[in-house]
Amino acid sequence: MDRVKTGISGLDEMLNGGIPAGRHVALYGGPGTGKTSFCFEYLYRGAKMGENGLYISLEETPDDIFENMKTTFPLFTDTAQLAAEKKLEVVKPNQIDLENVANLLEDRIASNNIKRAVIDSATMIRLTFKSDTEYRQTLFEFLSLLRNLDVTSLTTLEASTAKRDEMKFDIEHFVMDGIINLYNLDREDRRVRALEIMKMRGTDHSREMVPFKVTPSGIKVYVGEKVF
Ligand SMILES: Nc1ncnc2c1ncn2[C@@H]1O[C@H](COP(=O)(O)OP(=O)(O)OP(=O)(O)O)[C@@H](O)[C@H]1O
Ligand SMILES: [Mg+2]
């Protein structure tokens, strides 16, 4: 089976080599848990490996994303170059509906051979639906469409809490191929970032909750280490 290496230190090991190619994974986490940073590094590492990436940002402008990521990852010194070469595209659609996002994806895949995609965040899209049933149906159709495209994607989902025991299952958890949960945990006098792979169709994977850090040279996932 083909796998797409995220390139994020430690994460591919947890995934037994990477995300199964063509799958669509949700990154689920509370505010500030590192969703955007994960997505950006996924595309950055891909671009460096020769796989073009498209970042569909539904809230922040491309300038915001590049500026924020410059402070988060100061050692990614070639992002502007990769962007200029269209290996790392960041776009903010005018409309936030799924049809528009799907069209944008199809267009960029056809014209720029996009292999990795990010949608940040699906929570914005959900707000445009009147009912959960309608949203679930449309999301399902959207994923069917994505499955016909040769792309491996990450979609962020905003959890209303950063606490593990308060997280609940949402519609997206059932339709997505994989779920990675990001946490910002209280540990006595400090906060600890942690993640776990909750599900990943098509591959075995680690089920441990492990700590991670956002460092200037990229995210480091500490496989085999305990959060406590
Ligand atoms: N230069 C930096 N060094 C270390 N940590 C940083 C740096 N810049 C940002 N961070 C941390 O990263 C967090 C934001 O990460 P990110 O934007 O990836 O999270 P997010 O889950 O996308 O947030 P949001 O819910 O706002 O979309 C900040 O809250 C901050 O703690
Ligand atoms: Mg974000």
Item to check | Net charge of neighbours whose Cβ lies under 11 Å from the Cβ of Gly53, counting Lys and Arg as +1 and Asp and Glu as -1 | outcome: +4
Checklist entry - By counting other Cβ atoms within 10 Å of each Cβ, how are Phe73, Phe174, Phe129 ranked from fewest to most? => result Phe174, Phe129, Phe73
Item to check | Value of [θ]222 nm, deg cm²/dmol, for the chain, DSSP H segments ≥ 4, -39500 (n - 2.57) each, nearest 500 | outcome: -9500 deg cm²/dmol
Checklist entry - If the cut-off is 18 Å between C-alpha atoms, which lysines fall inside it for Lys199, apart from same-chain ones fewer than 8 positions away? => result Lys5, Lys35, Lys168
Checklist outcome for this item: For segment 120-186 the trypsin sites (Lys or Arg not before Pro) that pass both the DSSP coil test and the at-most-11 other-Cβ-within-10 Å test are Lys130, Lys168
Next on the checklist: Just to be sure I understand: of the beta bridges DSSP finds with both ends in segment 3-221, what percent are antiparallel, rounded to 5?
Outcome noted: 40
Checklist entry - Using modelled amide H (1.01 Å from N, peptide plane; none on Pro or chain starts), what sits under 5 Å from the amide H of Val4, excluding residues fewer than 5 places away? => result Ile19, Ala21
Next on the checklist: Explain nothing, just compute: Karplus ³J(HN,Hα) = 6.51 cos²θ - 1.76 cosθ + 1.60, θ = phi - 60°, for every residue of segment 84-92 in order, whole Hz, x for Gly and Pro.
Outcome noted: 4, 7, 6, 8, 9, 9, 10, 10, 10
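Since every read-out is calculated from the coordinates, none of them should be taken as a lab result. The structure presented is a predicted model; accordingly, all values stated were derived computationally and were not measured. Virtual Cβ from ideal backbone geometry, glycine too; neighbours counted across all protein chains shown.
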